[in-house]
Amino acid sequence: MSVFPAALLAQGRVTGTVFDSLRTGAPLAGATVTLEGVAATALTDALGRFAIADVPAGRYVATFFHPWLDSIRTAAPAVMVEVRAQETTQLRLATPSWATMSAYL
């Protein structure tokens, strides 16, 4: 018999890295990662890493925000992610490239 509530067993975890494709080609520190419909967010560390725990199983739209992107009036792309119960989902997010941005100008 399990001592954990069923709701906790139906949750997963999302971890990953955010990269800066525009300026440095390196991990992006200080980005806020969100999953649409989930109250929890995560702030990337100096190596661009993040983790969001206790995410209910399901499909989500993931994105991130960063002050530098706001300053150039650009949004990060949204990515679909599927979270499975009791699993860790790896996610790699990145700023749009200059080529992608120039296609919209």
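Mind listing whichever residues of the range 41-60 are open to solvent by less than 50 Å² (accessible area, probe 1.4 Å) and within 12 Å of V83 (Cβ to Cβ)? I52, A53, V55, G58, Y60 - these are the residues of the range 41-60 that are open to solvent by less than 50 Å² (accessible area, probe 1.4 Å) and within 12 Å of V83 (Cβ to Cβ).
Residue count for the range 35-90 under the criterion of being of a type in the set (S, T, N, Q) and out of contact with any Pro (no Cβ under 9 Å at 6 or more places or on another chain): the result is 6.
The set of residues from the range 41-54 being out of contact with any Ser or Thr (no Cβ under 8 Å at 6 or more places or on another chain) and within 16 Å of L91 (Cα to Cα) comprises D45, A53, D54.
The values are calculated or read from the model by the stated rules, or taken from the named source; none is laboratory data. In this text the structure is predicted, and so the values were computed from the model without any measurement. As a convention, Cβ positions derive from the backbone with ideal geometry for all residues, glycine included, and neighbour counts pool all protein chains shown. The accessibility values were calculated without ligands, DNA or RNA, using every heavy atom of the protein model including side chains. Shrake-Rupley method; radii C 1.70, N 1.55, O 1.52, S 1.80 Å.
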